[in-house]
Amino acid sequence: MADSRERPGVGLADLLVGASILALISIVIAWATHAHPYTAESGRISLVWWRLPLDAAYSWLRMAAAYALSLVFTLVYAYVAAFNRRAERILIPLLDILQSIPVLSFLPVVLLAFIALFPGSRIGVNLAAIILIFTGQVWNMVFAVYHGFITIPRDLKESALSLNLSPWQRFRTMELPYAMVGLVWNSMMSWAGGWFFLMACEMFSLGNHAYQLQGLGSYLQTAANQGRWSAELAGLFTLVLLIVLMDQLIWRPLLAWADKFKMEMVESADRPRSTVLRVLRRSLILEWMGKRIWVPLTEWSDRLFSRTLPRMREQPAVVSITGLIRWLITAAVVVIIVTALEGAVRLLSHLSGGQIGLVFLATMATLSRVLVALLISVIWTVPVGVFIGLNRRWAARLTPVTQIAASVPATALFPGLVAILIHMHGGLNTASVLLMVLGTQWYILFNVIAGASAIPEDLREATRMFRLSRMKTWTTLILPAIAPFLITGLITAAGGAWNASIVAEYVSFHNHVYTAFGVGSIIAKSSQTKGFTVLLTATGMLALTVVLINRLIWRRLYDKATERYSVS
Amino acid sequence: MAQTGLGKAPAKNDSLVRLLGVTKMYKQPDNYDIRVLDDINLDIQPGEFIALLGPSGSGKSTLLRIITGLAEPSYGTVLYRGRPIEGANPHAAMVFQSFALYPWLTVQQNVELGLVAKGVDPDVRKQRAIELIDLIGLNGYEDAFPKELSGGMRQRVGFARALAVDPELLCMDEPFSALDFLTAENLRSELLDLWLESRIPTRAILMVTHGIEEAVFMADRIIVLSKNPARVVADLPNLLPFPRNRKSPEFVQMVDQVYKIVTGWDDEEEDQQAIAQAQPVMAGTDQGQPAERPRLKPIPYGHISMLSGLLELVQDRGGHDDLYRLGAELFLEVDDLLPVTETAELFNLAEVSEGDLFITDLGQSFVEGDVNDRKSLIRDQLLDIPIFRIIQRVLTTKANHAMNKEFFTDILEEHFSIAEAERQLTTAINWGRFADLFHYDTDTEQLYLDEDQTEEQPAPVSHES
């Protein structure tokens, strides 16, 4: 998130990128408006228990499709950004902005656009869900891989060059392995984030249209709607089971496997282990496949790419052709941006001052909810996190519990929460803040635990030696030491809270729509009533607010904290 | 075994590598480029084992990378067998100080890497890798990962990987300096045996090193580079017969000779430059003449505590000592020792001549003084150094006696690379703090004077030394 090479503040590249994003949104809106009147896609969700595995499978497939898309995108984007200086200057600020925009604010727009693209079929809604999950999970993966690519030690790069490895060989033996640890960790985080979006995407209502996709998310929502608590619990149990299975069968083995890609020359004592991986490694079938399939495949790919990819030095003729292509691409991009901006301006020209004021007030209302949610999270997570981090015995006992609790996406609990709170006074307001807390507290908690357990033992002994009071210990040692971690957690948590606000402010329950005043409900309402001017303004204002807060507050805080308080 | 490397050298005209006027500049943001290598001309003949010696920061690693084609010279040409090289030279292989092994590949896979790049058939390259792993004595470790090996074994893998592609030119960038003494010694003799007995097809070896003994022990031609910018200051043959004995008088004499060259190259020329340049810098800032931008002379990164220790030691031994012996006793390579002796010379506390360090009268009063005497002595000396005169002048003339660090970094960046400017200022701040010349606040990144300091130094009157 905080790339040290970037200075806080807003640069020219950011303005350029911001304009292009605005243009892109207006293209999507124009597309959605010009399409045929859409038909609501509402299947009936059955709550029979034996449908649960099937629902889980559907949900999982959507996640897998989105992840596959993310993986391909990550590798291409990160590679180009890392190895093409000119592209880097645009791609990195773009990435930084894209990752701070709350994805769910695009949900109504993207949904409408895809339904318009595939009228009368389920493909559109499915694709919209996949695209939204993709946009929710891809950015941190790209950042991690890009960061890996650009931090490859100079010696390794030089040795690859002096051994005359081809670009493809460098990619598969050096660049990808070097970025692998970051890729695996971030894939894991992305999946966790993906569940959050999936739950929201699978059942989304705009007015009296409900767009349902068969899956766990819609199952949970339907169960809550009908007050079938046993079904709700069964659905949650299935979800947790699925997440735990993924963890045991995929992520742990992958993490243990990726350990060999760490750039360390001394084996660390507590390296990740996985029984599944050990079994796989000992299996003869896999060994046979490695010898008969993997080795020939790499040989074949080496030959293929050494023929098709250009060598290190380009011939002048090739340079002129690539130059021409580059010009064509640039020209096309400029044309698209200009037309789209023109469209955006035309849309915005209908805008009245009152609307802008309304959207602004709504954004502030959402902002205050986000802040309250963060405050609540900090109040309970800091003491608990420090306690767990400083007590190894408790850490061992509590970590699995917190991990499982954290793995349940907040959006899965939301329908149940709404069902309980909706009839109380200020029900949706409370529910939406609670949803944000549910979604964000874990980021803060885990970061605080990490920060507290990283406090060196000798510093703690020194505070005991000097008989510092409990209060003094906190102010002189614990708070400064966890500050960088806490801020990292807060940055991630704030992103999650903004996303949650979109789902939380506009809820359809028992065929009745409940709203809480905020930018999320404005976005949902305006897309339902085709108020595209307001929709564009609200989405843009939301993105701008989040990016500005990130740039002007969070990043500065982070830089300051890491510089001043890093314990090393 | 008894042959000398030079015996292999054929006629001069078919040199393996020829450098013609190789110059390397590093671009600075203000187009005021830093020259790292200056007009290097060099011929490498088949059969030669060349050691490239020079102080740290002299650009010897850059030169090595230009020769292998990993970096491009700003001006000049590198010819390989008479042809200009383009990109990484496929006939050259490189051994790195940090080994540069891929931790995720086994020993076998690391060694095979160069052959994979050549598109060699899997069975053939496997065979070849096993042969090489045997040759360098790592048989049994084929499936081990680098992190399971000791440093010496890792560098063996580095050698095997380089040798696997049958390079004609083997380039080594301080290959033994990350190893402990015994391991390095063992590996040196083994490599020398392979080379002298022609068990490897390599035609020439080029080794960058800062170890003078190492160079004299292994190479049959020693090239000494100066620094800022690097030029060839000496190119001498080393005709000692193999096996070389470090205790033999001839060996010691040779080491001493090289030591004198390495420690003494800058005596006259650089001092003159410093005098010639220090004045215009001040003149330029005084009258605001942008036309002439003389170079600021870099200050060495000597630690004051090491300086004190060294001077006390030498004083105890009668006021002078042999630098080579001092280095060996203190387990300091010439690279670590030189910044300290250069600092001593800069402060006029000692003089180096003919590879010996002599303590001056000022140095004697430094050694005899207590901490406060030392501080005031160093303070006087610092005010003769351009960087400190600039800092002092700026801080005394400013109303609040404080100035941001960036201000000075910017000034220094006109004379040095960005990283070097940072190092220069860090050293300057350390010295200035020691001498109580100014304070530095790490939080605000400001240099400032407190009340005592502003009274004490009314104006930076130049100090006669």
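Only one residue in A:Thr545, A:Thr515, A:Thr529 is over 25 Å from A:Ala224 (Cβ atoms), out of contact with any Gly (no Cβ under 9 Å at 6 or more places or on another chain) and among the β-branched types (Val, Ile, Thr), so which one is that? Among A:Thr545, A:Thr515, A:Thr529, only A:Thr545 is over 25 Å from A:Ala224 (Cβ atoms), out of contact with any Gly (no Cβ under 9 Å at 6 or more places or on another chain) and among the β-branched types (Val, Ile, Thr). All of A:Ala234, A:Ala223 fail the test of being part of a helix (DSSP H, G or I), modelled with pLDDT of 80 or more and in contact with an Asp or Glu (Cβ under 7 Å, 6 or more places away or on another chain), apart from A:Ala223.
Scanning segment B:398-449 for residues that are of a type in the set (Asp, Glu) and within 17 Å of B:Ile299 (Cα to Cα) returns B:Asp410, B:Glu413, B:Glu414, B:Glu420, B:Glu422.
So that you can scan it fast, the table gives a plain yes or no per residue for (1) more than 14 Å from every other protein chain (Cβ to nearest Cβ); (2) not hydroxyl-bearing (Ser, Thr, Tyr):
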residue: B:Ile411; (1), (2): yes, yes
residue: B:Ser417; (1), (2): yes, no
residue: B:Glu422; (1), (2): yes, yes
residue: B:Thr426; (1), (2): yes, no
residue: B:Phe438; (1), (2): yes, yes
residue: B:Thr442; (1), (2): no, no
residue: B:Glu445; (1), (2): no, yes
residue: B:Asp452; (1), (2): yes, yes
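Taken as a whole, the structure leaves B:Glu72 outside the set of residues that are surrounded by fewer than 16 Cβ atoms within 10 Å (Cβ to Cβ) and either more than 12 Å from every other protein chain (Cβ to nearest Cβ) or over 22 Å from B:Ile223 (Cα atoms) (or both). Do we have B:Ala399 as under 28 Å from B:Ile34 (Cα atoms) and either not polar (S, T, N, Q) or not in a helix (DSSP H, G or I) (or both) here? Here the answer is no, as B:Ala399 does not meet what is asked. Screening segment A:510-568 for helices (runs of 4 or more DSSP H) wholly inside it with 1 or more residues that are surrounded by fewer than 16 Cβ atoms within 10 Å (Cβ to Cβ) returns the ranges A:532-549, A:555-565. Of the residues making up segment B:219-231, those that are in contact with a strand residue (DSSP E or B) (Cβ under 6 Å, 6 or more places away or on another chain) and not polar (S, T, N, Q) are B:Ala219, B:Asp220, B:Arg221, B:Ile222, B:Ile223, B:Val224, B:Pro229, B:Ala230, B:Arg231. Scanning segment B:132-150 for residues that are surrounded by 14 or more Cβ atoms within 10 Å (Cβ to Cβ), in a helix (DSSP H, G or I) and more than 13 Å from chain A (Cβ to nearest Cβ) gives B:Leu132, B:Ile133, B:Leu135. Contact map, segment B:105-131: first residue over 20 Å from A:Ser166 (Cα atoms) and not assigned by TED's automatic domain parsing to the domain that holds B:Phe145, second residue modelled with pLDDT of 90 or more and hydrophobic (A, V, I, L, M, F, W, C), Cβ cut-off under 7 Å, separation 6 or more or different chains; the map is empty. Given the criteria on the phi > 0 side of the Ramachandran plot, of a type outside the set (Lys, Arg) and not in a loop (DSSP other than H, G, I, E, B), does B:Gly87 qualify? For B:Gly87, the condition - on the phi > 0 side of the Ramachandran plot, of a type outside the set (Lys, Arg) and not in a loop (DSSP other than H, G, I, E, B) - is not met. Among the conditions (1) within 14 Å of another protein chain (Cβ to nearest Cβ); (2) free of Cβ contacts under 8 Å to residues at least 60 places away in the same chain, the only one that A:Ser46 does not satisfy is (1).
Might you let me know whether segment B:167-174 holds any residue that is acidic (Asp, Glu), more than 12 Å from every other protein chain (Cβ to nearest Cβ) and surrounded by fewer than 17 Cβ atoms within 10 Å (Cβ to Cβ)? No; the residues of segment B:167-174 include none that is acidic (Asp, Glu), more than 12 Å from every other protein chain (Cβ to nearest Cβ) and surrounded by fewer than 17 Cβ atoms within 10 Å (Cβ to Cβ). If you go through segment A:139-169 and pick out every residue that is crowded, with 19+ Cβ neighbours inside 10 Å and either within 30 Å of A:Ile97 (Cα to Cα) or more than 10 Å from every other protein chain (Cβ to nearest Cβ) (or both), you end up with 10. Checking the stated criteria, B:Asp384 turns out to be acidic (Asp, Glu), more than 21 Å from B:Glu451 (Cβ to Cβ) and assigned to a loop (DSSP other than H, G, I, E, B). Of the residues screened, A:Ile115 is one that is in contact with a strand residue (DSSP E or B) (Cβ under 8 Å, 6 or more places away or on another chain), away from chain B (no Cβ under 14 Å) and either within 30 Å of A:Thr366 (Cβ to Cβ) or modelled with pLDDT under 80 (or both).
The values are calculated or read from the model by the stated rules, or taken from the named source; none is laboratory data. Note that this is a predicted model, so its numbers are computed, not measured. All Cβ positions, even for glycine, are placed from backbone atoms using ideal geometry, and neighbour counts span all protein chains on display.
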